[in-house]
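Okay, so here's the structure we're looking at.
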Amino acid sequence: MSASISRPRLLVSRKLPQDVETRIEQSYDARLNATDTLYRADELIEHAENCGGLLVTPTDKLTGEVIRRLPASVKIIATFSVGFDHIDVAAATERGIRVTNTPDVLTDATADIALLLILGAARGASWGDRTVRENRWGPWTPTGPLGVQVTGKRLGIYGMGRIGQAVARRARAFDMTIHYHSRHALPQPLEQGARYHATLDEMLPQCDFLSINCASTPETRSSIDADRIALLPDGAIIVNSARGDIIDDDALINALQSGKLAAAGLDVFKGEPDIDPRYRSLETAFLLPHLGSATLDTRIAMGMRALDNLDEFFAGKRPKDSLNG
Ligand code: DGY
């Protein structure tokens, strides 16, 4: 019997770093995506024929409808991401399909980006970069344009999971005072002096900066809306390295246009990459194209973590990062 016959068949929906693809080819009968074509739902379902597992990414929208149409051979969906809002986990569970994600390994890279957003938004990085590139740089001036001081300010963290805590650790190096809102307070040793707020509304008036680090769920979607933004101090700054749909774009854009908010730093957007075009012309918005986990080290670690889960599953074990049982 050839080795390939006994190896599980795996559909890999996107091109992954070489080290990850090398490991995939050693253990799986793999359908790789060398051209990195974005599969439409029908194509994904077609390519999944006879596959035991799918290795997908946030660009694959595995709605309940798509999951119900997957071939019966599919027993596990491993996503190359910590976020899993692109997968209807309940529908997968109903079909007996295991779902796994890749927590931990992208915590530091994503927290680094949150700090870049805080600094970039506060200090006008976007405006500054364009001024130099477009040859609009005039003489140094004592009075402006001026940014917002970060050191010593109050940072509110919405979602104090692994990434939120890593953001807090970094922000302490800037002498920021940490406030946070999560479903539950952290055990005291992990709080490191951060102040817990049982409700978001209670925390917002305390935030010179608000960092969004929660998952996208029915409860958090559009939760940063006009009413919530109104609770922030005038001149506050919002940064988002979690998911775009947590913010109501109309509300954020109005608040930037009116000057209620001094700036925003956004790495994620509702409907990305087709973002609300009004962001592009806002001088006070520092915009990045979803770079949270985008370092080679982290992307390799994400791939290896997804493969650990797949290996465990196909060895008959419960994968460490199982999201459903
Ligand atoms: C994730 O893993 O959910 C990230 O958004 C990808 O960078």
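Think of the stretch 107-287 as a dipole: +1 on every Lys or Arg Cβ, -1 on every Asp or Glu Cβ, centred on the Cα centre; then among Ala226, His181, Val150, Val150 lies furthest on the positive end.
From most to least packed by mean Cβ count within 10 Å, the peptides 76-84, 175-183, 306-314, 222-230 give 76-84, 306-314, 175-183, 222-230.
Under 12 Å of direct C-alpha separation, and excluding same-chain neighbours fewer than eight residues apart, Lys317 reaches these aspartates and glutamates: Asp308.
Peptide packing: for 184-197, 86-99, the average count of neighbouring Cβ atoms within 10 Å per residue gives the ranking 86-99, 184-197, highest mean first. Rg and Dmax over the alpha-carbon atoms of the chain stand at 21.6, 77 Å. So what's the angle, to the nearest 10 degrees on a 0 to 90 scale, between helix 107-122 and the longest Cα principal axis of the chain? On a 0 to 90 degree scale, this one is about 30. Only protein atoms count toward the accessible area here, which uses a 1.4 Å probe; on the chain, the carbon and sulfur part of that area reaches 52 percent. Computed from point charges on the beta carbon alone (+1 for Lys and Arg, -1 for Asp and Glu), the dipole magnitude for the stretch 107-287 about its Cα centre is near 500 Debye.
Here the stretch 105-153 and the stretch 42-63 have alpha carbon centers that stand 39 Å from each other. Compared with the alpha-carbon gap, the fully stretched path from Glu272 to Thr59 is longer by 75.7 nm at 0.36 nm per residue.
Mean projected area of the convex hull spanned by the Cα atoms of the stretch 107-287, taken over all viewing directions: 10.6 nm². Given Ile113, Gly124, Leu200, which one lies farthest toward the positive end of the charge dipole of the chain, if we put +1 on the Cβ of every Lys and Arg and -1 on the Cβ of every Asp and Glu? Of the options given, the answer is Ile113. Largest first, the three principal axis extents of the alpha carbons in the stretch 48-105 are 31, 19, 19 Å in whole numbers. Only helices enter this figure: runs of n ≥ 4 DSSP H residues, each worth -39500 (n - 2.57), summed and divided by the residues of the chain, yield -9500 deg cm²/dmol at 222 nm to the nearest 500. When each of the peptides 41-54, 254-267, 158-171, 62-75 is scored by how many other beta carbons lie within 10 Å of its residues on average, the order from highest to lowest is 158-171, 254-267, 41-54, 62-75.
Multiplying the residue separation of Leu190 and Leu119 by 0.36 nm and subtracting their alpha-carbon distance yields 23.1 nm. When the Gaussian network model of the chain links Cα atoms closer than 10 Å, the mean-square fluctuations of Ser216, Ser241, Ser281 top out at Ser281. Solvent-accessible surface of the stretch 107-287, averaged per residue with a 1.4 angstrom probe and all protein chains in place: 49 square angstrom. Were the residues from Thr22 through Glu283 laid out at 0.36 nm apart, the gain over their Cα-Cα distance would be 89.6 nm. Candidates Leu287, Gly303, Gly316 compared by Cα position along the dipole of the stretch 282-325: farthest toward the positive end lies Gly316, with charges placed on Cβ. Placing unit charges on the Cβ atoms only, positive for Lys and Arg and negative for Asp and Glu, gives the stretch 50-205 a dipole magnitude near 140 debye about its Cα centre. About its Cα centre, the stretch 119-205 has a charge dipole of approximately 220 debye under the convention of +1 per Lys or Arg Cβ and -1 per Asp or Glu Cβ, with nothing else charged. Exceedance of the 32 Å cut-off in Cα-Cα distance is limited, within the set Lys15/Lys270; Lys15/Lys153; Lys75/Lys270, to Lys15/Lys153.
The values are calculated or read from the model by the stated rules, or taken from the named source; none is laboratory data. All figures in this text were calculated on a predicted structure; none of them were measured in a lab. Using ideal geometry, Cβ is built from the backbone for each residue, glycine included, and neighbour counts are taken over all protein chains shown. Surface areas here come from the heavy atoms of the whole protein model, side chains and all, with no ligands, DNA or RNA. Shrake-Rupley method; radii C 1.70, N 1.55, O 1.52, S 1.80 Å.
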